[in-house]
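Asks: Questions regarding the structure given below will be posed in turn.
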Amino acid sequence: MAAVIDGKAISAKVKSEVRQETEALKAKGISIGLAVVIVGDNPASRVYVNNKKKACAEVGFESFEYALPEETTQEELLALVDKLNKDDTVNGILVQLPLPKQIDEKAVINAILPEKDVDAFHPVNVGKIMIGDFAFLPCTPAGVMELIASTGVEISGKECVVIGRSNIVGKPMGMLLLHKNGTVTICHSKTKNLAEVCRRADILVAAVGRANFVTPDMVKEGAVVIDVGMNRLENGKLCGDVDYAACFEKAGYITPVPGGVGPMTIAMLMKNTLTSAKIKNGIAL
Ligand code: GUN
């Protein structure tokens with residue numbers, strides 16, 4: 001039977017540490033601001049953005065919300081990014097993805113100054129993650145690393161299998177596990193014998209975007225199972241990529257959805273924004 005990894009509690013601890021450091025900076029006259037940009041009215045994005053603003057208030061950051069209409073042009077969005085790049089009160093810029101189809105996401109990500117790119121999506125920051133020389137954490141994978149650390153399970157030398165190869169989660173997840181000396185396999189839609197590969201995993205991270213995709217035949221007895229999925233079912237219920245009820249008996253540790261990876265992503269975003277402010281003010285990390 002699995003032990004449940006409590007992402008809510010672990011994220012609260014991370015945010016409380018960020019809050020303490022933020023208060024110490026405030027005492028030195030340094031305040032921290034995060035700009036959150038949302039274009040259009042994707043309901044999931046709205047929820048994420050509200051949660052990010054709420055987290056800013058919890059840790060003592062200022063948050064500046066820019067809610068732009070669905071028909072915003074790329075030029076208009078790039079003009080806003082340029083303004084935020086130049087704004088001294090803004091330490092971090094987060095443009096919520098996905099963007100409407102008339103806007104090229106790559107062009108927008110590339111326009112954010114790397115030192116304000118608290119999502120760590122800019123190619124400069126992605127490259128730094130690749131070589132292991134990074135200040136900004138890729139938020140979701142970094143949150144997963146904290147959850148794994150909380151179990152006390154050592155990563156070094158272990159079989160780590162990531163399902164999904166997105167730029168936001170799968171690829172950077174593989175890199176962070178590799179930096180900790182895991183033996184990493186990244187699986188995707190063309191992977192042969194997926195269940196067999198997953199069953200090798202001491203640490204299994206599911207980031208596929210398909211409800212209940214991971215079934216017990218894919219889980220090794222006692223494995224750490226981390227569920228990055230956030231799938232909305234027809235009945236409105238939120239559901240992960242892992243069939244939680246079915247895998248619970250077999251896993252050693254498992255994350256719930258909600259209350260697992262989700263809150264960690266936001267906590268790590270707060271940590272990155274703090275890091276940006278520290279770097280700007282010449283404070284040791
Ligand atoms: N959309 C889904 N996840 C994320 C994220 O971590 N950052 C941004 N900017 N957009 C997202």
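The values are calculated or read from the model by the stated rules, or taken from the named source; none is laboratory data. Predicted model, so just to flag it, every value in this text is computed and none were measured. A quick note on method: Cβ atoms are made from the backbone with ideal geometry, for glycine too, and the neighbour counts reach across all protein chains shown.
Asks: Return the residues of region 40-60 that are of a type in the set (D, E, K, R) and more than 17 Å from GLU70 (Cβ to Cβ); say none if nothing qualifies.
Replies: LYS52, LYS53, LYS54, GLU58
Asks: Would region 240-250 turn up any residue that is within 16 Å of the ligand (Cβ to nearest atom) and surrounded by fewer than 18 Cβ atoms within 10 Å (Cβ to Cβ)?
Replies: Looking through region 240-250, none of the residues is within 16 Å of the ligand (Cβ to nearest atom) and surrounded by fewer than 18 Cβ atoms within 10 Å (Cβ to Cβ).
Asks: Separate question: Could you tell me which of the residues ALA207, ALA107 is within 16 Å of the ligand (Cβ to nearest atom), more than 16 Å from the chain's Cα centre (by Cα), more than 23 Å from ALA277 (Cβ to Cβ) and of a type in the set (Gly, Ala, Ser)?
Replies: Among ALA207, ALA107, only ALA107 is within 16 Å of the ligand (Cβ to nearest atom), more than 16 Å from the chain's Cα centre (by Cα), more than 23 Å from ALA277 (Cβ to Cβ) and of a type in the set (Gly, Ala, Ser).
Asks: Now for a separate question. Within region 225-236, can you find the residues that are under 21 Å from the mean Cα position of the chain (by Cα) and either free of Cβ contacts under 8 Å to residues at least 12 places away in the same chain or part of a loop (DSSP other than H, G, I, E, B) (or both)?
Replies: Answer for region 225-236, where residues must be under 21 Å from the mean Cα position of the chain (by Cα) and either free of Cβ contacts under 8 Å to residues at least 12 places away in the same chain or part of a loop (DSSP other than H, G, I, E, B) (or both): VAL228, GLY229, MET230.
Asks: Within region 215-228, work out how many residues are within 21 Å of GLU146 (Cβ to Cβ) and crowded, with 24+ Cβ neighbours inside 10 Å.
Replies: Adding up the residues that qualify gives 6.
Asks: So MET1 passes all but one of these: (1) at pLDDT below 95; (2) within 16 Å of the ligand (Cβ to nearest atom). Which condition number does it fail?
Replies: (2)
Asks: Cβ-Cβ below 6 Å, separation at least six or inter-chain, first residue in region 92-114 and touching a residue at least 40 places away in the same chain (Cβ under 8 Å), second of a type in the set (Lys, Arg): which pairs?
Replies: Note: pairs meeting the criteria are GLY92/LYS116; ILE93/LYS116.
Asks: Before we move on, is SER63 of a type outside the set (D, E, K, R), within 30 Å of ALA251 (Cα to Cα), surrounded by 14 or more Cβ atoms within 10 Å (Cβ to Cβ) and modelled with pLDDT of 95 or more?
Replies: no
Asks: Of all residues in region 158-169, how many are more than 14 Å from the ligand (Cβ to nearest atom) and either farther than 12 Å from GLY209 by Cβ or part of a helix (DSSP H, G or I) (or both)?
Replies: Residues meeting the conditions: 5.
Asks: Given the conditions (1) buried (at least 18 other Cβ atoms within 10 Å of the Cβ); (2) within 17 Å of the chain's Cα centre (by Cα); (3) away from the ligand (no atom under 16 Å from the Cβ), and given that ILE155 satisfies all but one, which numbered condition is not satisfied?
Replies: Every condition holds for ILE155 apart from (2).
Asks: Determine the pairs where a residue that is closer than 21 Å to SER16 by Cβ and away from the ligand (no atom under 12 Å from the Cβ), located within region 38-59, has a partner that is aromatic (Phe, Trp, Tyr) and at pLDDT 95 or above with Cβ atoms under 9 Å apart, the partner being 6 or more residues away or on another chain.
Replies: These pairs meet every condition: ALA55/PHE61.
Asks: Over 19 Å from GLY143 (Cβ atoms) and either out of contact with any helix residue (DSSP H, G or I) (no Cβ under 6 Å at 6 or more places or on another chain) or charged (D, E, K, R) (or both): which single residue out of GLU75, GLU21, GLU17 fits that description?
Replies: Selected residue: GLU75, the only one of GLU75, GLU21, GLU17 that is over 19 Å from GLY143 (Cβ atoms) and either out of contact with any helix residue (DSSP H, G or I) (no Cβ under 6 Å at 6 or more places or on another chain) or charged (D, E, K, R) (or both).
Asks: In region 239-272, which residues are in contact (Cβ under 8 Å) with a residue 60 or more places away in the chain, farther than 16 Å from THR151 by Cβ and out of contact with any helix residue (DSSP H, G or I) (no Cβ under 8 Å at 6 or more places or on another chain)?
Replies: Result: ASP241, single match.
Asks: How many residues does region 170-216 contain that are farther than 19 Å from ILE155 by Cβ and assigned to a helix (DSSP H, G or I)?
Replies: 4
Asks: Restricting to region 119-133, what's the tally of residues that are part of a loop (DSSP other than H, G, I, E, B), within 16 Å of the ligand (Cβ to nearest atom) and free of Cβ contacts under 8 Å to residues at least 24 places away in the same chain?
Replies: Qualifying residue count, region 119-133: 1.
Asks: Hey, PRO258 hits all of (1) in a helix (DSSP H, G or I); (2) within 16 Å of the ligand (Cβ to nearest atom) but one; which does it fall short on?
Replies: With (1) in a helix (DSSP H, G or I); (2) within 16 Å of the ligand (Cβ to nearest atom) applied to PRO258, the lone miss is (1).
Asks: Taking the residues in region 134-144 that are assigned to a loop (DSSP other than H, G, I, E, B) and within 14 Å of the ligand (Cβ to nearest atom) as candidates, determine which candidate is surrounded by the most Cβ atoms within 10 Å (Cβ to Cβ).
Replies: Step by step, filter region 134-144, then rank; the result is PHE136.
Asks: Scan ASN42, ASN85, ASN91, ASN110 and give me the residue that is under 18 Å from MET268 (Cβ atoms) and not acidic (Asp, Glu).
Replies: Result: ASN91 is the single residue among ASN42, ASN85, ASN91, ASN110 that is under 18 Å from MET268 (Cβ atoms) and not acidic (Asp, Glu).
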